[in-house]
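**Student:** Sending over a structure as structure tokens; questions will come in a sec.
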Amino acid sequence: MTAAPPDIIGRDEARALGLKRFFTGKPCRRGHVAERGVSNLECMECSRGRSREWRAANLKKSRERARERARKYRAANPKKARERARERARKYRAANLEKVREREREYGRKRRTTNPGRVKEVRRAWRAANLEKVREGARERARKYRAADPERARENRRRWRAANLELAREGERERILRYNKRQAAQRRAGRAGSELKRSRTGRLVIEGNH
């Protein structure tokens, strides 16, 4: 989509309105039909071209200036700067998802190699703070594994049980205990509901007799 050209406005009128640029619709000496600076009459397209040439010839200095401008902007507008950074990160991740994931995996491998103790500590802290999420993830992976290869899943379960018999029995006792507690709670709820129903029925009969 082609952008609409700016409105025609002379230099004197632009200066009176406090504008930094004006536009006559006439080409500059290099043929650019573009806005010009009020202060120096400079064609904006020529100015951008010279800036590109300077950056290409002074790449290191150009990057340092850009970083300095970014630092000043972040210091003056911290909230807006953080939001812009997050938005750029979201867009980049969406456009380069596989590359981002590979970079994250590589970063994780390096951290585990160079600082395994710290990685384990962070993982334990996250697991403790997100225990239900961890368990749900484990259950989901187990469901997918059993669906993909049920025979192998059964064989692995038999091997694990044979190697960890006491632990397996403890787990079974724990599951039976939880099941019995749920059943008892359901029976109590059922009895309470029946008693409430009988109580309401009795009141209705008494009120009807009166």
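**Student:** What about residue 153, is it at pLDDT 90 or above and of a type in the set (A, V, I, L, M, F, W, C)?
**Tutor:** Values: at pLDDT 90 or above: no; of a type in the set (A, V, I, L, M, F, W, C): yes.
Judged against the criteria, residue 153 is not a match.
**Student:** If you check residue 83 against the conditions, is it farther than 30 Å from residue 51 by Cα, out of contact with any helix residue (DSSP H, G or I) (no Cβ under 9 Å at 6 or more places or on another chain), of a type outside the set (A, V, I, L, M) and part of a helix (DSSP H, G or I)?
**Tutor:** Working: farther than 30 Å from residue 51 by Cα: no; out of contact with any helix residue (DSSP H, G or I) (no Cβ under 9 Å at 6 or more places or on another chain): yes; of a type outside the set (A, V, I, L, M): yes; part of a helix (DSSP H, G or I): yes.
No.
**Student:** In segment 27-48, what residues are in contact (Cβ under 8 Å) with a residue 24 or more places away in the chain and under 42 Å from the mean Cα position of the chain (by Cα)? Talk me through it step by step, then tell me what you get.
**Tutor:** So the first thing to find is which residues in segment 27-48 are in contact (Cβ under 8 Å) with a residue 24 or more places away in the chain, and the list is 33, 35-36, 38, 41.
The answer is 35, and nothing else.
**Student:** Would a scan of segment 5-26 turn up a residue that is basic (Lys, Arg), without any contact (Cβ under 8 Å) to a residue 40 or more places away in the chain, in contact with a Ser or Thr (Cβ under 7 Å, 6 or more places away or on another chain) and part of a helix (DSSP H, G or I)? Break it down stepwise before answering.
**Tutor:** Quick first cut of segment 5-26, residues basic (Lys, Arg) only: 11, 15, 20-21, 26.
Within this subset, residues satisfying the condition of being without any contact (Cβ under 8 Å) to a residue 40 or more places away in the chain are 11, 15, 20-21, 26.
Next, only the ones that are in contact with a Ser or Thr (Cβ under 7 Å, 6 or more places away or on another chain) stay: none.
No.
**Student:** Consider residue 71 carefully, then state whether it is surrounded by 11 or more Cβ atoms within 10 Å (Cβ to Cβ), closer than 26 Å to residue 85 by Cβ and among the charged types (D, E, K, R).
**Tutor:** Working: surrounded by 11 or more Cβ atoms within 10 Å (Cβ to Cβ): yes; closer than 26 Å to residue 85 by Cβ: yes; among the charged types (D, E, K, R): yes.
So residue 71 fits the description; yes.
**Student:** Within segment 50-59, does at least one residue satisfy the condition of being closer than 28 Å to residue 11 by Cβ, charged (D, E, K, R) and not in a helix (DSSP H, G or I)?
**Tutor:** Quick first cut of segment 50-59, residues closer than 28 Å to residue 11 by Cβ only: 50-54.
Right, trim to charged (D, E, K, R) and you get 50, 52-53.
Okay, now just the ones that are also not in a helix (DSSP H, G or I), so none.
No, because not a single residue in segment 50-59 is closer than 28 Å to residue 11 by Cβ, charged (D, E, K, R) and not in a helix (DSSP H, G or I).
**Student:** Being of a type in the set (Gly, Ala, Ser), at pLDDT 90 or above and either in contact with a His (Cβ under 6 Å, 6 or more places away or on another chain) or surrounded by 10 or more Cβ atoms within 10 Å (Cβ to Cβ) (or both) is the filter here; which residues of segment 106-141 pass it?
**Tutor:** Answer for segment 106-141, where residues must be of a type in the set (Gly, Ala, Ser), at pLDDT 90 or above and either in contact with a His (Cβ under 6 Å, 6 or more places away or on another chain) or surrounded by 10 or more Cβ atoms within 10 Å (Cβ to Cβ) (or both): 125, 137, 138.
**Student:** May I ask you to say which residue of 29, 15 is surrounded by 10 or more Cβ atoms within 10 Å (Cβ to Cβ) and of a type in the set (Lys, Arg)? Before the answer, list the steps.
**Tutor:** Details: 29 fails: surrounded by 10 or more Cβ atoms within 10 Å (Cβ to Cβ).
Step by step, each of 29, 15 is checked, and only 15 is surrounded by 10 or more Cβ atoms within 10 Å (Cβ to Cβ) and of a type in the set (Lys, Arg).
**Student:** Conditions first: (1) within 24 Å of residue 85 (Cα to Cα); (2) in contact with a Lys or Arg (Cβ under 8 Å, 6 or more places away or on another chain); (3) not β-branched (Val, Ile, Thr). Residue 46 passes all but one, so which condition is the exception?
**Tutor:** Single failed check for residue 46: (1).
**Student:** Regarding segment 149-162, can at least one residue be identified that is touching a Lys or Arg at 6+ places or on another chain (Cβ under 8 Å) and either closer than 23 Å to residue 107 by Cβ or touching a residue at least 24 places away in the same chain (Cβ under 8 Å) (or both)?
**Tutor:** Within segment 149-162, the first condition is being touching a Lys or Arg at 6+ places or on another chain (Cβ under 8 Å), and the residues that meet it are 153.
Subsequent filtering for residues that are either closer than 23 Å to residue 107 by Cβ or touching a residue at least 24 places away in the same chain (Cβ under 8 Å) (or both) retains none.
Looking through segment 149-162, none of the residues is touching a Lys or Arg at 6+ places or on another chain (Cβ under 8 Å) and either closer than 23 Å to residue 107 by Cβ or touching a residue at least 24 places away in the same chain (Cβ under 8 Å) (or both).
**Student:** Could you check how many residues of segment 102-119 are of a type outside the set (S, T, N, Q) and either out of contact with any helix residue (DSSP H, G or I) (no Cβ under 9 Å at 6 or more places or on another chain) or closer than 30 Å to residue 75 by Cβ (or both)?
**Tutor:** Keep residues of segment 102-119 that are of a type outside the set (S, T, N, Q), which gives 102-112, 116-119.
Within this subset, residues satisfying the condition of being either out of contact with any helix residue (DSSP H, G or I) (no Cβ under 9 Å at 6 or more places or on another chain) or closer than 30 Å to residue 75 by Cβ (or both) are 102-107, 109-110, 116-117.
Final tally of qualifying residues: 10.
**Student:** Would you please list the contacts, defined by Cβ atoms under 7 Å and residues six or more apart or on different chains, that run from a residue in segment 116-131 that is free of Cβ contacts under 8 Å to residues at least 40 places away in the same chain to a residue that is surrounded by 12 or more Cβ atoms within 10 Å (Cβ to Cβ)?
**Tutor:** Within 7 Å, the pairs are 119/111; 119/112; 127/134.
The values are calculated or read from the model by the stated rules, or taken from the named source; none is laboratory data. Not measured: the values here are computed from a predicted model. Methodologically, a virtual Cβ is constructed for each residue, glycine included, from the backbone with ideal geometry; neighbour enumeration extends over all protein chains shown.
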